[in-house]
Amino acid sequence: MTMPDSVVPVRSELDASQGPVVVEFGTNWCGYCKVAQPLIREMIVQTPGVRHVRVEDGKSKRLGRSYQVKLWPTLIFLKNGREQARCVRPETRQALEAALERIL
């Protein structure tokens, strides 16, 4: 199981990343984020080798703004630093699986 990164990277690091990366933007107090957590955790556990970067987002947080994140949770699916898909407030396993397929 890949644990979320505890250090928030800068955009240039994500742009230069190799392989599959899921960047999750949200907050600990967001109701939508709390509801989506079991689904997101399940997806990450079932896909070893995918780097999971969890980013505490908010006003004046540059990384979220650089990806034009407007709602939480937003998951950005990167392959070799390029966005291939995104899920905003995912409600189904199918939505996450479809996005994940695009980076595997």
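Across the chain, Cα pairs under 8 Å and at least six residues apart give a relative contact order of 36 percent.
Please arrange Ser12, Ser66, Ser60 by how many other C-beta atoms lie within 10 Å of their C-beta, fewest to most.
Details: Ser12 10, Ser66 13, Ser60 6.
Result, fewest neighbours first: Ser60, Ser12, Ser66.
From the square roots a ≥ b ≥ c of the eigenvalues of the alpha-carbon gyration tensor of the range 36-85, which class results: rounded (a/c under 1.5), prolate (a/b over b/c), or oblate? Since a/c reaches 1.5 but b/c is at least a/b, the shape of the range 36-85 is classed as oblate.
Placing +1 on each Lys and Arg Cβ and -1 on each Asp and Glu Cβ, with no other charges, gives the chain a dipole about its Cα centre of roughly 300 debye. Among Arg62, Arg54, sorting on how many other beta-carbon atoms sit within 10 Å of each Cβ, with the fewest leading, yields Arg62, Arg54.
Note that the range 82-93 has calculated 3J(HN,Hα) couplings of 10, 5, 10, 6, 8, 10, 10, 6, x, 10, 10, 4 Hz, one per residue in order, obtained from phi through the Karplus relation 6.51 cos²θ - 1.76 cosθ + 1.60 (θ = phi - 60°); glycine and proline are x.
Here the chain is treated as an ellipsoid with the same Cα gyration tensor; its semi-axes, largest first and in whole Å, are 18, 17, 12.
Any read-out appearing in this document is the output of simple, stated calculations on the displayed coordinates, not a laboratory observation. Being a predicted model, the structure only gives us computed values, none of them experimental. Every residue, glycine among them, receives a Cβ derived from its backbone with ideal geometry; neighbour counts consider all protein chains shown.
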